[in-house]
Amino acid sequence: MAEENQSAFKITDRRLFNSDGSAREGVQIEEPSPIPTLPAVSSSAVTLSPEPAPPGISSEEFLPGEFLPGEPLNDDPNAMPEQTMFTEFLMNIASSAFVYLGLVEHPGTGRRQVDLMAAKETIDVLVMLHEKTKGNLTKGEGLFFEDLLADLQTQFVAMRKAAG
């Protein structure tokens, strides 16, 4: 009976340390290779000239390159919207609505299918986000968000009318 429990497998303990943290006998521990360091750059190599704060804003409140309310970013209506993490986040949510409206293929099935209830819920989430972020977006983000919502809402109404 004891012979039946024996198998052809050999178990070898390959741990480098004992349970108390000491190195095991016969185990050689390799030293980690040093991380290469980059050459130091002297601070005189780069000179930054501070951007003056606009009138009416203290220098403590102003960050160079910061968007100021009322400042035109891009007046060209045909220009591509600025790509930020927020616009990518919006497109991530909106892509679900596009799938639910049947405008693009479902990534799992490869077929176009319409689910108006799911599309409405996704659009409602975007409307809620639009309300909650009002006044906190750059001009480009705001225009992108409004265009995206208008497009989705128009498509939703068209699909609902077509459904009867």
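By the rule of a C-alpha distance below 29 Å, with chain neighbours fewer than 8 residues away ignored, the lysines paired with LYS161 are LYS120.
In a fully extended conformation the segment linking GLU88 and ALA150 would gain 20.6 nm over its present Cα-Cα distance, using 0.36 nm per residue.
Couplings 3J(HN,Hα) of region 105-121, computed from phi: 5, 5, x, x, 9, x, 10, 8, 9, 10, 9, 5, 5, 5, 5, 4, 5 Hz, in residue order, whole Hz [Karplus 6.51 cos²θ - 1.76 cosθ + 1.60, θ = phi - 60°; x for Gly and Pro].
To the nearest 10, the accessible area of SER95 is 50 Å² with a 1.4 Å probe.
Against the compact-protein benchmark of 2.2 N^0.38 Å, the Cα-based radius of gyration of region 116-164 scales to 1.26. The gain in end-to-end length when the ARG160 to VAL114 segment is fully stretched comes to 15.5 nm, 0.36 nm per residue minus the alpha carbon separation.
The values are calculated or read from the model by the stated rules, or taken from the named source; none is laboratory data. Note that the structure is a prediction, hence the values are computed from the model and not measured. Protein only, heavy atoms only, side chains kept; ligands, DNA and RNA dropped before computing areas. Shrake-Rupley method; radii C 1.70, N 1.55, O 1.52, S 1.80 Å.
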